Each structure stands twice: as structure tokens, then as C-alpha cells.
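Worksheet: the structure to be examined is printed underneath.
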Ligand SMILES: C[S@@+](CC[C@H](N)C(=O)[O-])C[C@H]1O[C@@H](n2cnc3c(N)ncnc32)[C@H](O)[C@@H]1O
């Protein structure tokens, strides 16, 4: 491992805005579960970014919405380090990072603790549909802590993940709130909050845009439609 990475891992342990359980923490509910309002020292709504990488959405949204709390979750310490450092330098008190596998996410959040979830450029897992972050396996985990009308946002370059998620929404009778096949035309034509939100670009998003890929966006509520 390079010297820089080792230095970052060591710094990460001292960052006040990073929670770093032991590797592959999965045995029992973690002490933070149900306690995030205490960690943020307020009762503002809490939004998660899962697979946050360097946390561009966590940081960007935290700046747009200072009265909402944001938590970026990723397993890669060197990536979280970047976002956590920016948040500390810019005094973003509404930002925390959690270093964990998303597979154990329900060990860290209590019932109704989370208002919204962002999935930003998640791996489409071409060969393992169950591992996709919008598979029912993961959505059921999110539902253990997402508020009743809580929203899941997906931003992706992947046609596979976009169409898979649309099929899941249809099959499970979730509620679609927004479906945009190419965010560029939305950003160019609409002057609203969503357009400001969609302008935030992540590291991977920038790479896909440079390769000429279109970026898709879905927002949905995993609560069932009343029939
Ligand atoms: C393609 S990158 C996207 C990163 C960032 N959202 C962006 O758009 O630049 C996917 C991220 O998800 C993280 N990731 C993938 N599977 C994960 C899992 N099961 N648990 C935690 N993090 C995961 C990876 O470490 C990586 O940082």
C-alpha cells in the first residue's frame, strides 16, 4: 500500500465526521443505530448517499440544504477521506460519513430514521442482479429504516440498472415520482430545485459524460401503491 494511502487511513480515524466500524461489521446493531440525531446534535431530516465514493452528492446537497443532514456511505476509506476532509475544511456540520459495506446497512439505522436515499452511479452488477442496489434484497433492507413516504433517488449512466430499476418499480408497485432519461435536457430547460440538484456531478459521472454517455435519473417511493 502506498504511503499516501496509509497516511489517509490513519487521518480518517481522527476525523470527527467519520464513523468507521471494524471491517465487515455485521454481527449486531451498531451503537449509532437510532442515535444519528444525537450525532448531528439536531432533529433535522437525514438523507443517505450509498456508494458515495468521495461524497460529491453528500457535499453538494449539504451545501444546497443546510437544514438537512447527509451521510455518505462507502467501503473505500481513501475515497471517503476526500469528502470528509472537504466537509471539515468547509465546516459542513450537516455531513457525516460511514465506512461500511452497504450489505449491512440495516445495522446502522433505526426505524423511520432516514428520509431519503441517493444511489449515485452504483455498480450495475451485470451478472448478479441480487447485488444491484435497487434489487428487492437491498430495497427491503432500506425499508427497515426509511420513512413511510421516503424517497429513493437513482442517478446512473447504466441502461441496465435504469431499466432493471424501472421493472422493479413496476413489478413491486412502487410509486414513480420522476423518470428522466437524459438529465441534460432537463437541466437545460427547467429552472427548479431538481435541476440545481441534478447539476451536482460525481467523479464517475464526469468520466461517463466525457465518454458521451447520457445520465438517467429516477425518483421513487418503495411504499406500495394503495390498490
Ligand atoms: C462506481 S463508484 C461510484 C462512486 C460515486 N458515487 C461516484 O459517482 O463517483 C461505486 C462506489 O460504491 C462503492 N461500493 C460498491 N459496492 C459497495 C458495497 N457493497 N458497500 C459499500 N460500498 C460499495 C465503491 O467502493 C465505490 O466507491
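The numbers here are math on the coordinates, done by the rules we state, and not lab data. Model, not experiment: these values are computed from the prediction. A quick note on method: Cβ atoms are made from the backbone with ideal geometry, for glycine too, and the neighbour counts reach across all protein chains shown.
If we count other beta carbons within 10 Å of each Cβ, what is the order of 208, 81, fewest first?
Listing 208, 81 from fewest to most nearby Cβ atoms yields 208, 81.
For 114, 75, what ranking results if the residue with the fewest other Cβ atoms within 10 Å of its Cβ goes first?
In increasing order of surrounding Cβ atoms, one gets 75, 114.
Which FRET efficiency value, to the nearest 0.05, do you get for residue 11 and residue 160 by plugging their Cβ-Cβ distance into 1/(1 + (r/R0)^6) with R0 = 45 Å?
Result of the calculation: an efficiency of 0.75.
Quick one: divide the alpha-carbon radius of gyration of the chain by 2.2 N^0.38 Å and tell me what you get.
Against the compact-globule rule of thumb, the ratio is 0.99.
Counting only DSSP beta bridges with both residues in the chain, what percent are antiparallel, rounded to the nearest 5?
30
Could you put 173, 22 in order, starting from the residue whose Cβ has the fewest other Cβ atoms within 10 Å?
The most exposed by this proxy come first: 22, 173.
Compute the length gained on full extension between residue 128 and residue 177: take 0.36 nm times their separation in residues and subtract their Cα-Cα distance, giving the result in nm to one decimal.
15.0 nm
By its C-alpha gyration tensor, with a ≥ b ≥ c as the square roots of the eigenvalues, how is the stretch 1-104 shaped: rounded for a/c under 1.5, else prolate for a/b larger than b/c, else oblate?
Judged from the Cα gyration tensor, the stretch 1-104 comes out oblate (a/c at least 1.5, b/c at or above a/b).
In nm, to one decimal, how far is the residue 41 label point from the residue 207 one, both placed 7 Å along Cα→Cβ?
3.7
Residue 20 to residue 223: FRET efficiency via 1/(1 + (r/R0)^6), r the Cβ-Cβ distance, R0 30 Å, to the nearest 0.05?
0.40
Can you give the extra length, in nm with one decimal, that the chain gains between residue 185 and residue 101 once fully stretched, where that is 0.36 nm per residue apart less the Cα-Cα distance?
26.8 nm
Sort out for me the Cα centre separation of the stretch 76-114 from the stretch 20-58, rounded to whole Å.
Each part's Cα centre sits 5 Å from the other's.
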